[in-house]
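Participant: I have a structure here, written as C-alpha cells, and I will follow up with some questions on it.
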Amino acid sequence: MRSPAELPPSYLLQRLRDAAARSRSGLFLYPLFWIVLTQAGGYSANHMAMVLLHACGLVLGAAGRLYLEFDLERAAAHNFGSAQRGFRWAAWGYQGYWGLLCACIFGTAEADNVRWLMLMATIGLAAGACAIMAVDATLARWYPPLLLGPTALLMAWQGGYSNWALAAVFVVFFFYAQRIIRLVAGDYEGRQRANLLLEERAREIAAAHDHMRRLASHDHLTGLVNRRHATQLLQHQADLHRRSEAASFSIALIDLDHFKRINDQWGHGVGDEVLHGFAQLARGVLRESDTLARWGGEEFLLLLPDAPDSLPEAGIERLRTQLKDLRISPTVPALRLDFSAGISRHRPDDTVEQTIDRADRALYLAKAEGRGRSKRG
C-alpha cells in the first residue's frame, strides 16, 4: 500500500480540486454575512465606510481564491508544489482575514448583540469550512485557529471568567475539529488509495490479457505469428479475394536447410538462435504488408497480399542473399544459413488448403533438386 507521499501528483491535484470545488459556493457568503451581520446589529450605521471597505476586501479575496482554483490545472502542470502552496496560502489568508474581522468587531463593538452575532457566525463558518475542506487535512487543519484564534486570544487578553471559559471552549473546539478533519481526510485518502489500487490492478489485468492474447497468436521464440493465427489471416485474404480479384495474394513455404544437422552438431540453443535470427532478418527485409509466420519447427509461411506475380521470387531471393552474409548465431559466428522455398498464388476457385498444398509440393521439389532454391507450384 502506498503512503500519502507516494500518491501520484494527479491524485493530490484531484484532492485539492475537490476541496476547492466544495468550498466554491461558500466563498462569496463571507462578504454577504459581513454586510448582513453588521447591518442587523446596527454596526454599519456608525462604521459604514469600514464595513464597505472590508466587504470589498472579502469580495476581492474570494475572486482571487476562485482564480487560483480555476488556474490549478495549468499551474500544477508547470509546478505542482508551487500551485499547491499558492492555493493553500490564498485559502488560509482568506480565512485569516475573516478571523481578524471577527476579533475586530468583538473587541470594538459596543452592542453585545453585534459581538455575539459575529461570533456565532464565525463559529458556524469555522465548523462548515472544516467539514467541507477536510478532504485536504493540511489545508483544513488551519481553518479553526485562523477563524477563531484571533478572537480567542482577544478574549483571553481581556480577561473575565466568561471570556476565559469561552476561550477554553474554542480550544476544545480546535482539538475536536482536528480530529474530525483527520477522520474525514483519512476516509477520502483511503478511497483514493483504493481507486489507485483498482487502477493498478486493471492495468495489470489488461497487460496480462494482452500478453495472453499475444501468446495465443504469436510464437514465443521468434515473435512471429503462429500457425493458428496465420491460418486465420490466410482465410481472411481468401475471403477478400473471393469478393475482389484485385485482392489476390501469394504464399511461400520456407524451410531452413539442414536445420536438423545444426541442432545435432551444436545443440538446440544454437538452433533457437538460428530461428530467432532468421525471423529478425526477415522482418527487416520483407514489406510491411507481408506477414511471416512460424509454421512449424524450422518451417515458415510467408503471406504476400496484393503482390504482383513476380514479387514473391524477388523478395525471397533478396532475403536469401542477405541471409548468406548474416552471422545467424552469436555462439557459432562461422555458421551460415540457406533455405528452400515453395511458392504458390491463390486462385479464385481454390481453398486455402489447396493453395498451401501447392506451395508444400513446390517446397518438396526445391529440396529434392538440391535445396537452396525456390520453386513455384
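The values are calculated or read from the model by the stated rules, or taken from the named source; none is laboratory data. The structure presented is a predicted model; accordingly, all values stated were derived computationally and were not measured. In this analysis, Cβ positions are derived from the backbone assuming ideal geometry, glycine residues included, and neighbour counts consider all displayed protein chains. Side chains included, ligands, DNA and RNA excluded: accessible areas come from the protein's heavy atoms. Shrake-Rupley method; radii C 1.70, N 1.55, O 1.52, S 1.80 Å.
Participant: Among (1) out of contact with any strand residue (DSSP E or B) (no Cβ under 9 Å at 6 or more places or on another chain); (2) touching a residue at least 24 places away in the same chain (Cβ under 8 Å), which single condition is Trp295 missing?
Facilitator: It fails just one condition, (1).
Participant: Hey, another quick one. In the range 128-146, what residues are part of a helix (DSSP H, G or I) and modelled with pLDDT under 75?
Facilitator: Gly128, Ala129, Cys130, Ala131, Ile132, Met133
Participant: Scan (1) part of a strand (DSSP E or B); (2) open to solvent by 70 Å² or more (accessible area, probe 1.4 Å) for the single condition Arg327 breaks and write down its number.
Facilitator: Going through the list (1) part of a strand (DSSP E or B); (2) open to solvent by 70 Å² or more (accessible area, probe 1.4 Å), Arg327 breaks only (1).
Participant: Got a sec? Which of Gly269, Gly277 is touching a residue at least 24 places away in the same chain (Cβ under 8 Å) and touching a Pro at 6+ places or on another chain (Cβ under 9 Å)? Step through it out loud before you land on a result.
Facilitator: Details: Gly269 fails: touching a Pro at 6+ places or on another chain (Cβ under 9 Å).
After applying the criteria, what remains is Gly277.
Participant: Checking Ile132 against (1) farther than 17 Å from Phe28 by Cα; (2) in contact with a Lys or Arg (Cβ under 8 Å, 6 or more places away or on another chain), only one condition comes out false. Which one?
Facilitator: (1)
Participant: Just name the residue that is farthest from Gly86 (Cα to Cα) out of those in the range 8-27 that are surrounded by 15 or more Cβ atoms within 10 Å (Cβ to Cβ) and hydrophobic (A, V, I, L, M, F, W, C).
Facilitator: Leu27
Participant: Same structure again: Considering the range 330-364 alone, what residues qualify as being closer than 21 Å to Gly284 by Cβ and open to solvent by 70 Å² or more (accessible area, probe 1.4 Å)?
Facilitator: Matches in the range 330-364: Pro330, Arg336.
Participant: I'd like to verify a number: residues in the range 49-71 that are touching a Gly at 6+ places or on another chain (Cβ under 8 Å) and not small (Gly, Ala, Ser), how many?
Facilitator: 1
Participant: Failed condition for Gln237, given (1) surrounded by 13 or more Cβ atoms within 10 Å (Cβ to Cβ); (2) out of contact with any strand residue (DSSP E or B) (no Cβ under 7 Å at 6 or more places or on another chain); (3) in a helix (DSSP H, G or I), with all others met?
Facilitator: Going through the list (1) surrounded by 13 or more Cβ atoms within 10 Å (Cβ to Cβ); (2) out of contact with any strand residue (DSSP E or B) (no Cβ under 7 Å at 6 or more places or on another chain); (3) in a helix (DSSP H, G or I), Gln237 breaks only (2).
Participant: Where residues in the range 28-54 are within 18 Å of Leu147 (Cα to Cα) and surrounded by fewer than 19 Cβ atoms within 10 Å (Cβ to Cβ), which of them is nearest to the chain's Cα centre (by Cα)?
Facilitator: Step one: filter the range 28-54 for residues within 18 Å of Leu147 (Cα to Cα), giving 28-35, 37-38, 54.
Then keep just the ones that are surrounded by fewer than 19 Cβ atoms within 10 Å (Cβ to Cβ); that gives 28-29, 32, 35.
On the way: Phe28: 36, Leu29: 38, Leu32: 42, Ile35: 47 Å.
So, considering only residues that are within 18 Å of Leu147 (Cα to Cα) and surrounded by fewer than 19 Cβ atoms within 10 Å (Cβ to Cβ), the one nearest to the chain's Cα centre (by Cα) is Phe28.
Participant: Report whether or not Arg182 is of a type in the set (D, E, K, R), modelled with pLDDT under 80 and in contact with a helix residue (DSSP H, G or I) (Cβ under 9 Å, 6 or more places away or on another chain). Step through it out loud before you land on a result.
Facilitator: On the way: of a type in the set (D, E, K, R): yes; modelled with pLDDT under 80: yes; in contact with a helix residue (DSSP H, G or I) (Cβ under 9 Å, 6 or more places away or on another chain): yes.
So Arg182 fits the description; yes.
Participant: Starting from residues that are open to solvent by 10 Å² or more (accessible area, probe 1.4 Å) and in a helix (DSSP H, G or I), keep the ones in the range 301-319 and report whichever is farthest from Asp357 (Cα to Cα).
Facilitator: Arg318
Let's see how each residue does on (1) touching a residue at least 24 places away in the same chain (Cβ under 8 Å); (2) open to solvent by less than 60 Å² (accessible area, probe 1.4 Å); (3) among the polar types (S, T, N, Q):
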site: Glu199; (1), (2), (3): no, no, no
site: Glu204; (1), (2), (3): no, no, no
site: Ala207; (1), (2), (3): no, yes, no
site: Ala216; (1), (2), (3): no, yes, no
site: Thr222; (1), (2), (3): yes, yes, yes
site: His229; (1), (2), (3): yes, yes, no
site: Leu233; (1), (2), (3): yes, yes, no
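Participant: Among the numbered criteria (1) under 27 Å from Ala63 (Cβ atoms); (2) in a helix (DSSP H, G or I); (3) under 50 Å from the mean Cα position of the chain (by Cα), which single criterion is violated by Ala152?
Facilitator: (1)
Participant: Where in the range 25-93 are there helices (runs of 4 or more DSSP H), lying fully within it, with 3 or more residues that are free of Cβ contacts under 8 Å to residues at least 40 places away in the same chain and more than 19 Å from Gln14 (Cα to Cα)? Step through it out loud before you land on a result.
Facilitator: On the way: elements: 29-40, 43-46, 48-70, 72-78.
Output list reads 29-40, 43-46, 48-70.
Participant: Under the condition of being hydrophobic (A, V, I, L, M, F, W, C) and surrounded by fewer than 18 Cβ atoms within 10 Å (Cβ to Cβ), which residue from the range 240-252 is modelled with the lowest pLDDT?
Facilitator: Ala246
Participant: Among the residues of the range 139-182, what is the count of those that are surrounded by fewer than 14 Cβ atoms within 10 Å (Cβ to Cβ) and touching a residue at least 24 places away in the same chain (Cβ under 8 Å)?
Facilitator: The qualifying residues number 1.
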